[in-house]
Each structure stands twice: as structure tokens, then as C-alpha cells.
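Single-structure report; data block below.
The values are calculated or read from the model by the stated rules, or taken from the named source; none is laboratory data. Not measured: the values here are computed from a predicted model. Ideal geometry is used to build each Cβ from the backbone, glycine not excepted, and the neighbour counts take in all protein chains shown. Calculation scope for accessible area: heavy atoms of the full protein, side chains included, ligands and nucleic acids excluded. Shrake-Rupley method; radii C 1.70, N 1.55, O 1.52, S 1.80 Å.
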Amino acid sequence: MPDRTATPRTADGRRGVPRSAGRLTGAALAAVAATLLAAGPAHAADGGGVAPAATGFAALLALAATATTAGLVLLRPLAAPAPRRLTAPAVTAAVAHLLTLGLGGDAPAAGTLVLAAACLALPGCAGRRAVGVPLALLVSAGAGLLALPTATVAEATAAAGHGLAAAVLLGGVATVLGADSARRRVAHRAAPWMLAAATAEAAAGAVRLGTDHAALGPEGPGWAGPARWVCLAVAVAGAVGLGAGLRRRRQPDRALLRGQAVVLPAVVIVAATATAVALPAPPGRPGAPLLVAVDNGGRGLPLVVAPQRPGWNLVHVGAEGVSVGTRADRLSPAGRLPGATNGWALVHLPPGPSRLHVAYGGRQAVIRLDAGAADAPGPDLRGPDGPECVSAALGVLLRDDPQPLSRCPADALTSGDREDLDATVAFLVPRAEGALSVVGDSSARSVAAVAAVTDAARRAGLRVVPPGSGRHPTLVVTGWAGAEAALRDAARGPGAAAGTYLAPWLLTAAVLRPATGQMLALRFDPRAEPVSRYVAELARRFPGEPATVSGYLAWQGGSPAGPARMYAAAAVSLPGPVAHGGHGRSGFLPGGTVTAVTGPLG
């Protein structure tokens with residue numbers, strides 16, 4: 001019996017070019033022309049820039065044509081297309097790949113060129129199954145790898161599977177539409193494979209969208225839930241239809257592959273399983289503070305979540321105008337907190353995996369979190385000392401050694417801080433005219449600091465008087481939040497001329513605005529080499545975040561040894577660029593300097 005799916009010949013015996021192939025070629029040429037027209041205005045306006053829509057359209061055209069060409073070769077036994085019918089999508093794919101590369105697409109140049117060459121080779125290999133089928137499989141897998149970013153072998157395998165599914169779907173449609181006769185029979189042959197591919201993709205999508213710690217990337221608000229149910233419905237319907245079709249006893253048409261009734265359900269199961277395996281684990285360590293850079297369409301937006309434990313957590317972002325939340329439809333703006341810089345917001349995390357939605361600049365992204373078990377809650381960061389605790393956690397994260405956050409700097413007064421306060425009191429003895437004022441708060445560290453200063457002053461023969469009671473120096477030992485108000489009051493009080501002195505942990509930009517010569521005792525030089533490395537790493541990982549003493553000590557792993565010196569903070573105005581950590585501006589005080597004014601204190 002003659003093969004009714006063969007391409008008809010003309011009167012002189014030559015194979016005719018089907019009208020569908022001519023229409024496909026015309027559509028491809030029109031698409032290429034539209035891409036060039038879309039890119040043209042950008043070249044004229046920006047001197048060589050390319051409109052993003054043009055690059056994206058060229059990449060989409062390249063991938064669609066590549067998948068169609070590979071699918072036609074894979075499904076060729078169902079309705080053998082003439083070589084000329086394969087030439088149109090193959091040439092379209094190669095041209096579109098080269099066009100994408102010329103327009104500055106993100107795909108690797110070597111991979112794009114290899115894929116374009118492979119597409120051109122497919123029509124010549126289609127008649128030899130031993131060569132054509134493996135090449136078509138490689139081409140479809142390569143299209144998936146170029147289209148989807150991958151970082152692990154599991155992700156690469158899933159991307160290759162997506163490329164193969166696209167080839168079967170688009171190739172099946174092209175095979176059915178290109179059949180010159182017995183189109184219904186060809187459709188009947190191709191339907192199980194197309195249905196299996198669609199069911200596999202829907203099952204994979206349902207798994208990906210339904211997993212709490214899935215990497216969803218940028219997404220529009222609220223679409224993930226409905227999309228998951230749509231994918232689930234398609235997967236169930238496809239599985240039912242596939243099972244019903246494969247159970248039919250009558251098989252009037254030949255199958256593409258022996259054992260098709262076993263292979264096709266296995267494809268669906270493997271796709272869903274591979275997608276679940278390919279889902280990356282949440283970044284960082286479960287139950288430990290997390291530092292990530294959120295993709296906002298330009299440079300990364302730095303973000304810290306601490307302590308990343310079940311319950312209330314503090315989110316710190318490196319910009320203003322950011323909103324965060326555990327639900328896309330319930331976001332809270334990140335605002336400024338007293339004594340701190342950039343944006344802050346509180347979120348309540350459940351035990352185990354969850355997601356944090358971040359909206360910024362008209363875009364929304366999702367961050368995967370894992371707060372760990374519910375039996376070990378972290379410190380409560382809802383109080384005024386929360387930002388300082390997050391800064392200390394950030395210092396540890398800069399070492400790429402995330403550890404669960406168990407305590408905060410304000411929980412206790414260290415021996416090093418006590419010695420620095422003793423040195424400050426000793427420095428004030430000849431300058432205080434018999435008395436000094438101490439400003440504290442209710443934190444454990446501040447209460448201990450007030451007691452330590454009072455004891456040191458008594459031993460030195462100084463009285464401790466209430467703030468604003470005379471022309472006496474003021475020593476501030478509060479946390480960051482209380483220091484802002486204390487410095488304002490001291491600047492307006494009668495003791496302003498006698499000077500304002502700070503506890504060492506108050507060396508932070510938000511507290512020292514404006515910097516008017518406040519003095520504090522430190523055991524390290526803020527412009528020395530070890531500190532400069534911390535400042536540089538902080539600027540790289542969290543741009544725009546000023547350095548802090550708590551962050552530096554956490555990054556270094558403890559308080560430095562040696563005697564303290566008195567340092568003065570002051571604003572400076574220097575022409576030209578000045579490097580961080582140099583002899584001008586300080587990473588602790590952008591726009592100012594922190595300079596030693598004494599030698600080692602005994």
C-alpha cells in the first residue's frame with residue numbers, strides 16, 4: 001500500500017514544495033524583518049543600543065524554530081516530511097540564533113553558534129535515523145539549556161527535558177499541519193506524544209509552583225496560586241486522556257516507538273520527579289541569618305533576614321522604597337529606624353521553608369527561606385537594639401560562615417567594652433571639673449555600662465550628675481536608637497561646650513549625624529588595614545551600608561587586644577575622590593573621618 005503521508009510529486013517527477021512550507025518561510029522572514037525594525041530605532045537613538053524587546057523576540061523566535069526543526073526530525077516516522085520542508089525552520093532557527101547573538105543576547109556565543117550549525121545540519125540528517133534522532137535530541141536539549149539558567153546538574157537535566165518537550169509539542173503541530181494527506185491519521189499518531197509532553201510540562205509546573213521553597217524568581221503579584229491550579233488541572237486531564245488513549249485495544253496506526261504505552265506514562269512521572277529534584281535548596285543555612293542580593297532588573301538589591309527563625313524577624317534592605325512580606329498581597333514598606341540606615345521591616349516566619357516577597361522599583365521577586373524547627377526560637381529583634389544585632393549578624397555573614405544567631409551585642413557588656421569605658425573616664429578626669437553625666441537605657445549592656453562608669457568615676461573622684469545639670473561632659477552608653485536623642489539633647493544642653501563622649505559601640509553613621517567632634521575610646525584604628533578589608537567586603541556585599549563596630553568585631557571574631565586610644569569623629573569636605581579606609585573619609589562615617597587624638601591610654 002502506498003504511503004499516503006509522502007510528499008506528492010509534480011508532473012516532471014520532482015518533489016513539490018508544500019504550501020505550508022512556503023507560508024512558514026514567509027512568516028519566518030517577516031519575523032526577522034520585524035526584529036530588525038524593532039532594533040533600528042534604538043540604534044539610531046542610542047548610538048548602537050538594542051531595544052530589549054527586539055533581543056527577546058529574536059531569542060524566542062530562535063528557540064521556537066529550533067524546537068520545531070528538532071521535533072520534525074524526531075517525529076518523522078509519523079509523517080515523513082520532505083527535506084525542503086525541514087529547511088525553512090532550520091534556516092529560520094540558524095538566522096534567529098545569529099541575530100540574537102548580534103543583538104547582544106545573554107546566551108553564550110559558543111553555544112549559540114554550535115546550536116545554529118546543528119540546526120542547519122538537521123535537514124541533511126533527517127533521512128538517517130541513526131544520525132538524525134541523536135542530533136535532534138541534542139539540539140532540543142541545547143535549546144532548553146540556552147533558554148533556562150542552570151547552576152546544577154539537576155537543573156541542567158530539567159532544562160534539557162523542557163527543551164525536548166517543546167520539540168515534541170511544536171514538532172507535532174508542524175507535522176500535523178504539514179501533512180499533505182491523511183492529516184487525521186497523522187494527528188492520531190502524534191497525539192499521544194504531544195499529550196505526554198504537555199502533561200509532563202504541566203506536572204512539572206504544578207510541582208514547581210506548589211513547592212514552598214521553589215525558586216520562582218521575579219513574578220507578578222498573586223499569579224503563582226492560580227497558575228499552580230491550572231497546571232494541576234492540565235496535568236490531571238492529560239494523564240486521564242493519555243491513559244484512556246493507551247488502553248484502547250485497536251491500534252490502526254503504527255506507533256513511533258515500541259513500548260510506547262510504558263514509555264509515555266514514564267515520561268510524565270520522570271518530568272515531575274526531575275523538577276522536584278532540580279528545585280534548589282534555600283540559600284544559606286536553615287535557621288541562620290541570610291544575606292542575598294535580590295535581582296531588581298539592574299544591580300542586585302542587598303537584603304538581610306535575621307535571625308531567620310520561627311517568629312518575628314527583622315529584614316534589612318539596602319535601599320528606600322522597598323516593601324516585603326510573606327504574602328504577595330500583604331507587603332509592608334521597609335522604613336528607617338532610629339540610629340540605623342537604609343530600610344527595615346518586621347516579618348513573621350513559620351517553621352520550616354517559606355518565601356519572602358520583595359517589591360522594589362515596580363518589580364517583585366521571591367526569596368526562599370528556611371526558618372528551621374520551631375523548638376529553638378532566635379533572639380527577639382523587635383526592640384530598639386535590633387538593627388545593631390543585624391549588623392553583627394551581617395559581619396558574620398561576610399565571612400561566608402552563617403551561624404545561628406543566639407545573642408546580640410546589647411545583651412551584655414564585654415570586658416573589652418568595660419576597659420574602654422574605664423579609659424574614657426580616666427581621660428575625662430582632668431577635663432570634667434569634678435563631675436560628668438551618663439546617659440543609658442534599659443538594655444542589659446547599658447545598665448551594666450552605667451554601673452561600670454559610675455564605679456570608675458567614684459574611684460577617680462568624679463561625681464555622676466543627671467544630664468543637663470551643669471557644664472559637665474556627657475558620656476552616652478545607650479544603644480543606637482537612644483543615642484540619637486541623647487546627642488541632640490547634649491548638643492542643646494549646658495554641657496555642650498564640655499564635649500560629648502560615646503561608648504565604643506556607638507561608632508555608626510546614623511548616630512554621628514552630624515559629626516561634631518564626638519569622642520570615643522577604641523582599641524583599633526578605623527583606617528588600619530584589617531578594618532579596611534572589612535569595609536571593602538561590606539561595600540561589595542552590601543553597597544551603601546556604613547561600617548559599624550559591632551559588625552567589625554563580629555567579622556573579626558572578637559575584640560582586638562591592646563590599649564585604647566581616644567578618637568574624634570568629624571565631618572570633612574575633601575575635593576575629588578577619596579578611597580575608603582584612606583587618610584580621608586572613613587567607612588564608618590561616610591562623608592567624615594574618625595581620627596586618633598591621643599596616644600595609648602593607660
If amide H atoms are built 1.01 Å from N in the plane of the peptide, which residues on other chains or at least 5 residues away come under 5 Å of the amide H of Gly311? Leu349
Radius 12 Å from Cβ of Gly284, net charge of other residues (Lys, Arg +1; Asp, Glu -1): -1
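Among 335-342, 482-489, how do they line up by average Cβ neighbours within 10 Å per residue, starting with the highest? Walk me through the intermediate numbers first.
On the way: 335-342: 18.2, 482-489: 19.8.
Ranked from most to least packed, the peptides come out as 482-489, 335-342.
Using mean Cβ contacts within 10 Å as the protection proxy, how do 309-315, 405-411, 595-601, 386-392 order, highest first?
Values: 309-315: 22.0, 405-411: 18.6, 595-601: 13.1, 386-392: 27.4.
Going from most to least packed, we get 386-392, 309-315, 405-411, 595-601.
Applying 1/(1 + (r/R0)^6) with R0 = 22 Å to the Cβ-Cβ distance of Ala485 and Glu320, what FRET efficiency is obtained, to the nearest 0.05?
On the way: r = 22 Å, r/R0 = 1.02.
So, using R0 = 22 Å, E works out to roughly 0.50.
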Listed peptides 545-554, 286-295, 443-452, 57-66 by packing density, highest first (mean Cβ within 10 Å): 545-554, 57-66, 286-295, 443-452
Using only protein heavy atoms and a 1.4 Å probe, report how much of Asp525 is accessible, in Å² to the nearest 10. 60 Å²
